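Report on the structure given below.
The values are calculated or read from the model by the stated rules, or taken from the named source; none is laboratory data. Just so it is clear, the model here is predicted, and its values are computed rather than measured. So basically every Cβ, Gly included, is an ideal-geometry build from the backbone, and we count neighbours across all protein chains shown.
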Amino acid sequence: MHKRVFYYRSKVQESISRLQGRLSQVDEPFLRSEIVNNLRVYEGLYRSLTRMEAALEVLIIKLETLGLLNVSTKDLSVVKEVLSKLRGEVSGIPDVSMVIDDLIDRANDLLEFEAGIREGAPGVTEVGEAGKVLSEAEIIAKERLKELTP
């Protein structure tokens, strides 16, 4: 999943660079405004993918650590909550959104099987932990987004 998001982010970054180069060569106002509009769309997508990539990196580190310590139901609930919050960020990218949905479904299955927990509202702890993961990811994403803005 992380590799797929990285790939998409790289492709979007290439498109942004290409559009920026084209913008510097175009003098016609209508064409310039179209290129600027396209740049805005790509930059929004780039920001979303950067946030998603950073969140996945934080989750990977967290899961690797948890793998060494044995994953608990609470930790799995945190992962599910983070993925649920990120689902909207990538709804327009079918490959990524399908994988996110699959991971959420697998987390639900594991939670139901291992702990007997049924689908429902996440606990206060899981929401707080998910917020921490997303905050860490936001810091990473902001650093990466500095690359985009000159």
Quiz item: Looking at the range 7-39, which of the residues that are closer than 15 Å to Gly92 by Cβ and of a type in the set (Lys, Arg) is farthest from the chain's Cα centre (by Cα)?
Solution: Lys11
Practice problem: Report yes if some residue within the range 125-144 is over 26 Å from Arg9 (Cβ atoms) and modelled with pLDDT of 70 or more; otherwise report no. | Solution: yes
Quiz prompt | Options Val58, Val79, Val71; residue that is modelled with pLDDT under 85 and not in a helix (DSSP H, G or I) | solution = Val71
Quiz item: So which of Ile93, Ile104 ends up being modelled with pLDDT under 80 and either surrounded by 16 or more Cβ atoms within 10 Å (Cβ to Cβ) or within 16 Å of Phe6 (Cα to Cα) (or both)?
Solution: Ile93
Quiz prompt | Hits in the range 1-50 - residues which are β-branched (Val, Ile, Thr), part of a helix (DSSP H, G or I) and touching a helix residue (DSSP H, G or I) at 6+ places or on another chain (Cβ under 6 Å) | solution = Val5, Val12, Ile16, Ile35, Thr50
Quiz item: If we keep just the residues of the range 1-46 that are of a type in the set (Val, Ile, Thr) and in contact (Cβ under 8 Å) with a residue 60 or more places away in the chain, which is surrounded by the fewest Cβ atoms within 10 Å (Cβ to Cβ)?
Solution: Ile16
